[in-house]
Amino acid sequence: MKRLGPYFVIRALGEGGFARTFEARHALSGVETCLKVSVREMDDALLLREARVLASLRHPSLPALREVFEHPGGGLVLAMSFAKGKTLDLHAPLDALQAVRVGAKVLRALAYLHKGGIVHGDVKPRNVVVESVEKGGDVVLVDLGLASVRPDERSRALGWSEAFVAPEVRRGAPPLPESDLYSLARTLEHVYQGDEPLLLEWLSALTHEDPARRPRWDTRDPLVWLERIGRSLEKEVTRV
């Protein structure tokens, strides 16, 4: 079994633009861990930047930083808590209630990030790890490699995923909390299969072309709205 520092590598999880991720286990404690390894030396700065973002986070639906160390062969390795489950795209299609439950947990993570001045910048199905789509399963929003910390009018996105990026980010405007909300709505649209009007109305509002006309945390709170939809759907299920 391959070893990276104090970790035994179990399997590859995926590869992004600047890093590869692996499921691993600490050689002494046996704790499951996610390792992110920079692809090129020039990517070390991005990995270190992500580690500094993670160091400030304490939320059940976000990764927790374990440590950062140098790869024996060169480059950096970021060790994080391991999110159990499958990426959201592998759970598709979801019904309305499943989509609402997953969406609400991701929204709580986004609310926490946004309160701390962090815009995730790459919300998409492959960055949402879901243990179970049923009530009670853990949901973790991963990969903060493109996150923006306290963006201002001069800030620009470090990159994006074309199918889920908000139009203002694509045009070169600063990333906003509303940009993350847009991407979450596109993410749920991608995995949801149905025609529930309450959910479709919510999705339409969050994907408005103009970010100023989308729900905001300080106006029409998208989490409060989605939780209300969830309660309505649960009542329907109970009546049936």
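The values are calculated or read from the model by the stated rules, or taken from the named source; none is laboratory data. Small disclaimer: the values here were computed from a predicted structure and weren't measured. For neighbour counting, all protein chains shown are included, and Cβ atoms are generated from backbone atoms with ideal geometry for every residue, glycine included.
Among Thr187, Thr219, Thr238, which is in contact (Cβ under 8 Å) with a residue 60 or more places away in the chain and among the hydroxyl-bearing types (Ser, Thr, Tyr)?
Going through Thr187, Thr219, Thr238 in turn, just one is in contact (Cβ under 8 Å) with a residue 60 or more places away in the chain and among the hydroxyl-bearing types (Ser, Thr, Tyr): Thr187.
Do the conditions hold for Ser204, that is, is it at pLDDT 95 or above and surrounded by 19 or more Cβ atoms within 10 Å (Cβ to Cβ)?
Considered against the rule, which asks whether it is at pLDDT 95 or above and surrounded by 19 or more Cβ atoms within 10 Å (Cβ to Cβ), Ser204 comes out as no.
Name the single residue, out of those in segment 24-50 being touching a Lys or Arg at 6+ places or on another chain (Cβ under 8 Å) and under 17 Å from His71 (Cβ atoms), that is modelled with the lowest pLDDT.
Filtering segment 24-50 for residues that are touching a Lys or Arg at 6+ places or on another chain (Cβ under 8 Å) and under 17 Å from His71 (Cβ atoms), the one modelled with the lowest pLDDT comes out as Val39.
Being assigned to a loop (DSSP other than H, G, I, E, B), in the same structural domain as Glu196 (by TED's automatic domain parsing), surrounded by 15 or more Cβ atoms within 10 Å (Cβ to Cβ) and over 12 Å from the mean Cα position of the chain (by Cα) narrows it down to one residue among Val100, Val123, Val133; which is it?
Within the list Val100, Val123, Val133, the selection yields Val133.
Looking at Lys135, Lys124, which one is basic (Lys, Arg), in contact (Cβ under 8 Å) with a residue 40 or more places away in the chain and more than 24 Å from Arg25 (Cβ to Cβ)?
None of the others qualify; the one that does is Lys124.
Taking helices (runs of 4 or more DSSP H) that do not extend beyond segment 146-206, which have at least 3 residues that are charged (D, E, K, R) and within 15 Å of the chain's Cα centre (by Cα)?
177-191
So Asp218 passes all but one of these: (1) touching a Pro at 6+ places or on another chain (Cβ under 7 Å); (2) farther than 25 Å from His91 by Cα. Which condition number does it fail?
Only one criterion in (1) touching a Pro at 6+ places or on another chain (Cβ under 7 Å); (2) farther than 25 Å from His91 by Cα is unmet by Asp218, namely (1).
Could you tell me whether segment 75-89 includes any residue that is in contact (Cβ under 8 Å) with a residue 60 or more places away in the chain and either under 30 Å from Leu198 (Cβ atoms) or not hydrophobic (A, V, I, L, M, F, W, C) (or both)?
yes
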